[in-house]
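Everything below concerns the one structure shown next.
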Amino acid sequence: MKAKLKEELLKAKQGKYAVPAFNFDNLEMMKGIIEAAEAEKSPVILMVTESAAKYMGLDYVFAFSLTAAIKATVPVVLHWDHGFDISLIKRAIDAGFSSVMLDSSLKPFAENVKETQEIVAYARQKGVEVESEIGHVGGKEDDRNSSSKGYTDVQEAVEFDKQTQIDALAVAIGTSHGLFSGEIKLQFELLAELEKNIKTPLVLHGSSQVPLEDLQKAIDLGITKINIGTDLKMACAEGIKAWFKENPNGFDARKYGRNGVDFVKAEAIKKIRAFRSNNKA
């Protein structure tokens, strides 16, 4: 069933769990995510980035992701992740997404506020909710690379939240998009300070490969949504490679694709249980 972002995040905050937010790049990944959520009776946030949507085709993505959200037996928030192109964000809003994220975090504060306010005003007319980012989570997001490690400033975050009236706030506390190249060291004191000063649900991006115990500590300190992309990409690839290792002369896309689905499902279940969202649907 299609669900609302903020409603699910507020439930998570009260229940001391985080809603898993999974990116999909193809049909196999999407099926694995939904099957995992249904198997674990967990709410889930089904996310697609601009580059993934362009790869699959916008109209295809709108059609099959909306169908998945509506047909699922658990709450599914359909989310446009890391939007840089305002026109595409508005298309996702018009297409019926539950929520959208504008990422203007590398732009000056005033410009980030102005663009976020524009998206919030447009989205509100359609009953769609908005996530935005203050500070910047570096690494590879969508098809863009960034070496920035700008942690979120508490006072900036408070002012940003006040001026934009967003529904979820992504904060930078030491995670990174894509594969980590160094030590993962989350700034838990900063997170605690952000949680104390901001009532809007807090979101953690770039969480693949972060030790699960660190993510659980982040949940205890107020994180309500945790984004996972790279770990599922790797799972899907490993599933397909494993099938071909067993079937070197195979060619049936339905069979190696199913193996990809199963590996994604297993990885998603691992995250759901770690985030304590199982049996919360």
Consider the range 58-87. How many of its residues are free of Cβ contacts under 8 Å to residues at least 24 places away in the same chain and of a type in the set (Gly, Ala, Ser)?
2
Matching residues in the range 202-243 (closer than 25 Å to Lys4 by Cβ and either aliphatic (A, V, I, L, M) or part of a loop (DSSP other than H, G, I, E, B) (or both)) number 16
Does Lys225 fit the bill of being touching an Asp or Glu at 6+ places or on another chain (Cβ under 6 Å), modelled with pLDDT of 95 or more and crowded, with 18+ Cβ neighbours inside 10 Å?
no
Of Gly96, Gly83, Gly32, the only residue that is within 25 Å of Val264 (Cβ to Cβ) and at pLDDT below 95 is Gly83
List every residue pair whose Cβ atoms sit under 7 Å apart, with the two residues 6 or more apart in sequence or on different chains, where the first one lies in the range 252-272 and is acidic (Asp, Glu) and the second, anywhere, is modelled with pLDDT of 95 or more and in a helix (DSSP H, G or I).
Asp262/Gly239; Glu267/Asp231; Glu267/Leu232; Glu267/Ala235
Determine which single condition His82 fails, assuming it passes every other condition in (1) on the phi > 0 side of the Ramachandran plot; (2) out of contact with any strand residue (DSSP E or B) (no Cβ under 8 Å at 6 or more places or on another chain).
(2)
All but one of (1) under 24 Å from Phe24 (Cα atoms); (2) assigned to a loop (DSSP other than H, G, I, E, B); (3) over 16 Å from the mean Cα position of the chain (by Cα) hold for Lys199; which doesn't?
(1)
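For every residue, the table says whether it meets (1) over 22 Å from Arg258 (Cα atoms); (2) buried (at least 24 other Cβ atoms within 10 Å of the Cβ).
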residue	(1), (2)
Lys6	yes, no
Val19	yes, yes
Asn23	no, yes
Val44	no, yes
Ala52	no, no
Asp59	yes, no
Phe64	no, no
The range 81-115, subset assigned to a helix (DSSP H, G or I) and acidic (Asp, Glu), residue farthest from Gly135 (Cα to Cα)
Asp94
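The values are calculated or read from the model by the stated rules, or taken from the named source; none is laboratory data. These numbers were taken from a predicted model, which means no experiment stands behind them. Quick reminder, even Gly has a Cβ in these numbers, built from the backbone with ideal geometry, and neighbours come from all protein chains shown.
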